[in-house]
Amino acid sequence: IKCGKFLKESCRKEDIISRWGGDEFAILLPKTADQVAIDLITRIQECCRNNDNDRDNITLSLSLGASTKTDIKKDINSILKEAEENMYKNKFLTTANISNNIIDSLQIALWEKSHESKDDLDRVKKLALKLGRELKLPEGELDKLGILSAIHDIGKVAVLENILEKKVNLSEKDWKILKRHSEIGYSIAKSSNKLAPVAEAIMAHHEWWNGNGYPYNLKGEEIPIISRIFAVVDAYDAMLNDRPFKKAISKDKAIEELKKLSEIQFDPCVVNFFIKVIS
């Protein structure tokens with residue numbers, strides 16, 4: 001509906017807009033030169049950008065292509081085929097950017113519906129990278145750790161806001177819904193060339209060292225190292241800062257809690273190094 005509205009706003013009165021397949025449109029531009037068609041494509045793209053005020057903050061993106069009939073003998077079907085080929089060329093060239101823009105939009109949407117802010121994520125990221133360097137992670141893994149710290153909960157965009165904001169214990173049904181965010185996050189990350197390298201780590205960031213985590217009960221070193229690092233840092237930061245459902249505790253108490261959960265929830269080696277980092 002939104003797509004059709006933008007096309008109508010961008011086109012001239014004499015242009016004919018029609019549905020072409022499930023998610024495609026075809027626009028017939030009578031007596032129109034190449035440059036005018038290109039200008040229309042630019043106008044449609046600008047209309048999408050300028051009207052991107054959806055309440056869910058999800059960016060609308062369109063792939064567009066055009067072809068002009070300059071020979072009266074040329075068949076209309078060949079013109080449509082050329083336009084479609086040009087559209088797919090443009091789609092191929094812009095897919096990576098579109099995908100990454102959508103990820104950014106999802107991240108903004110998540111900040112708006114959860115208790116975490118960009119400052120919270122930046123704080124955790126900084127501490128996670130400090131621990132990663134202490135553990136002598138290679139640069140490539142440090143890069144992935146930074147990305148994981150920023151978008152680990154991206155799957156929560158698919159979780160209802162009233163579940164995320166509950167201050168009492170979740171029902172079994174709500175808990176099952178919430179736990180799916182790791183797998184949803186994995187699927188979102190796999191769709192982006194930028195995030196695909198951390199997809200497995202996103203799915204594993206709630207796994208426990210003893211195998212009692214979710215979603216796949218991974219244990220020990222089956223869990224990616226960056227997920228194990230992030231789990232410790234995130235838990236520590238959560239304990240030190242007020243949350244809607246829990247008050248902050250002191251640094252000493254947080255360290256005691258990490259020690260208590262070492263070899264249960266957390267990698268004992270990571271916990272030991274982390275305590276050195278923050279002491």
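FYI, it's all coordinate maths here, none of it is from the lab. All values reported here derive from a predicted model rather than from experimental measurement. As a convention, Cβ positions derive from the backbone with ideal geometry for all residues, glycine included, and neighbour counts pool all protein chains shown.
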Checklist entry - If we sort 33-44, 201-212, 225-236 on the protection proxy, mean other Cβ atoms within 10 Å, highest first, what's the order? => result 225-236, 201-212, 33-44
Checklist entry - Which pairs, out of 144/166; 179/276; 166/194; 31/81; 8/73; 194/247, put more than 24 Å between their alpha-carbon atoms? => result 144/166; 179/276; 166/194; 8/73; 194/247
Checklist entry - Each label point is 7 Å from the Cα along the Cα-to-Cβ direction; what then is the distance between the points at residue 118 and residue 237, in nm? => result 1.5
Checklist entry - Hey, can you rank 246-252, 156-162, 264-270 by average C-beta count inside 10 Å, highest first? => result 264-270, 156-162, 246-252
Next on the checklist: Can you compute the FRET efficiency between residue 190 and residue 26 using 1/(1 + (r/R0)^6), with r the Cβ-Cβ distance and R0 = 30 Å? Round to the nearest 0.05.
Outcome noted: 0.45
Checklist outcome for this item: Answer check: the chain, Cα atoms, Kirkwood Rh, Rg/Rh ratio of 1.12
Checklist entry - How much length, in nm to one decimal, is gained on full extension between residue 279 and residue 170, taken as 0.36 nm per residue of separation minus their Cα-Cα distance? => result 35.8 nm
Checklist entry - Within straight cross-link reach of residue 251, meaning Cα distance under 18 Å, which aspartates and glutamates are found once same-chain residues fewer than 8 apart are removed? => result 120, 234, 237, 242
Checklist entry - Which translational diffusion coefficient, to the nearest whole µm²/s, is obtained for the range 115-278 from the Stokes-Einstein equation, given a Kirkwood hydrodynamic radius over C-alpha pairs, 4 °C and 1.567 mPa s? => result 80
Checklist entry - So for the chain, taking the charge dipole from beta-carbon charges (+1 Lys/Arg, -1 Asp/Glu), which of 90, 275, 157 sits furthest toward the positive end? => result 157
Next on the checklist: Starting from 0.36 nm per residue, how many nanometres of slack lie between residue 221 and residue 50 once their C-alpha separation is accounted for?
Outcome noted: 56.8 nm
Checklist entry - How many nm separate the modelled label positions at residue 90 and residue 17, each set 7 Å beyond the Cα in the direction of the Cβ? => result 1.5
Checklist entry - What Kirkwood hydrodynamic radius do you get for the range 177-225 when you take the inverse of the mean 1/r over all pairs of distinct Cα atoms, in Å? => result 10.8
Checklist entry - For the range 115-278, what is the relative contact order in percent, using Cα pairs closer than 8 Å and at least 6 residues apart in sequence? => result 22
Next on the checklist: Per-residue counts of other Cβ atoms within 10 Å, averaged by peptide: what ranking do you get for 138-147, 181-190, highest first?
Outcome noted: 181-190, 138-147
